[in-house]
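Working notes, structure below.
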Amino acid sequence: MTSPLAPRRFPYSLSVFFPAYNDAATIATLVEDAFRVCAELVEDFEVIVINDGSRDATADVLEACRGRWGERLRVVAHPANRGYGGALRSGFSTASKEYVFYTDGDGQYEVAELSLLLDAAANGAPWVNGYKKRRSDPWRRIFLGAAYREFVRLLFALHLKDVDCDFRLLHRGAVQSLPLHSSSGTICVELAWGLERLGLRAVELGVTHKPRLHGESQFFRLAPLWKTLRELSRLIRLRLSGAPSPAAPPWRPSPPA
């Protein structure tokens, strides 16, 4: 008999992936946390890392992780950096389980809080999204991030309160039904807009956001910022042109066991 204090088991299979770019200092801990949490809560799961052309020791760290976890850890290596959106698209296409969870490889989110999202999705919710209870970033990022968030929420009529909280659990059929094209951080808007146009509303939960202890954000570098603005402009043109909604996906979450 299961103890009443035992954690609730997730009744679906799960893919967990981390997009990683120059995250040698944090990725091993995230992988270890993912295996620990999934072993406690999920019967069938896989852990994937998308090494997006890292120029630091990320590849070496992942090789060491493979020495520990073997084939249970899947590593997809991009020979050159494809951008944040490119890394997410690789993760979504590589995932093979019924639900897909991802969060960033920089260690600003607590992988252990995946259990909150799994509990919310246990009855078949197709989309569970975190929102930062308190953003632990420099004031400039907090200010610009809030302005950007409210701008895209208004422009794309999004219900999601924190489009840039990359702590997401999605039914694989939903996300793989979307024609995602962005290679920058704009993919978060493209993803949320596409899911809401399918008629899906996220179950939203507050999650912990920690200070960045290693590396630096790519957002404020000129080339990534220009790419983000260019791709956001493309989405704005689609929005203003009255682009038709994506076709309804031919799936529904199977009844929980």
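Just one of the listed residues (52, 119, 106) is among the acidic types (Asp, Glu) and closer than 23 Å to residue 13 by Cβ, and it is 119.
The set of residues in the range 41-52 that are free of Cβ contacts under 8 Å to residues at least 60 places away in the same chain and in contact with a helix residue (DSSP H, G or I) (Cβ under 9 Å, 6 or more places away or on another chain) comprises 45, 46, 47, 48, 49, 50, 51, 52. Taking the range 164-179 as the range and being of a type outside the set (Gly, Ala, Ser) and surrounded by 17 or more Cβ atoms within 10 Å (Cβ to Cβ) as the test, the residues that pass are 164, 165, 166, 167, 168, 169, 170, 171, 172, 175, 178.
Of all residues in the range 146-182, exactly one satisfies the criterion of being under 17 Å from residue 199 (Cβ atoms) and of a type in the set (Ser, Thr, Tyr), namely 177.
Residues checked against (1) surrounded by fewer than 21 Cβ atoms within 10 Å (Cβ to Cβ); (2) more than 24 Å from residue 211 (Cβ to Cβ); (3) among the β-branched types (Val, Ile, Thr):
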{"residue": "16", "(1), (2), (3)": "no, no, yes"}
{"residue": "81", "(1), (2), (3)": "yes, yes, no"}
{"residue": "87", "(1), (2), (3)": "no, no, no"}
{"residue": "94", "(1), (2), (3)": "yes, yes, yes"}
{"residue": "99", "(1), (2), (3)": "no, yes, no"}
{"residue": "112", "(1), (2), (3)": "yes, no, no"}
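In the set (1) under 24 Å from residue 140 (Cα atoms); (2) crowded, with 18+ Cβ neighbours inside 10 Å; (3) hydroxyl-bearing (Ser, Thr, Tyr), the condition left unmet by residue 182 is number (1). Applying the condition of being in contact with a helix residue (DSSP H, G or I) (Cβ under 7 Å, 6 or more places away or on another chain) and crowded, with 17+ Cβ neighbours inside 10 Å to the range 138-157 and asking which residue is farthest from residue 206 (Cα to Cα) yields 156. Considering 49, 75, the condition of being surrounded by fewer than 23 Cβ atoms within 10 Å (Cβ to Cβ), at negative phi and of a type outside the set (S, T, N, Q) is satisfied by 75 alone.
Taking strands (runs of 3 or more DSSP E) as the structural unit, those lying wholly within the range 33-109 and holding at least 1 residues that are modelled with pLDDT of 95 or more and over 14 Å from the mean Cα position of the chain (by Cα) correspond to 45-52, 73-78. The lone criterion from (1) in contact with a Gly (Cβ under 9 Å, 6 or more places away or on another chain); (2) part of a helix (DSSP H, G or I); (3) within 21 Å of residue 242 (Cβ to Cβ) left unmet by residue 113 is number (3).
The values are calculated or read from the model by the stated rules, or taken from the named source; none is laboratory data. The shown structure was predicted, so the numbers you read here are calculated from the model rather than taken from an experiment. Counting neighbours? That spans all protein chains shown, and the Cβs are built from the backbone with ideal geometry, glycine included.
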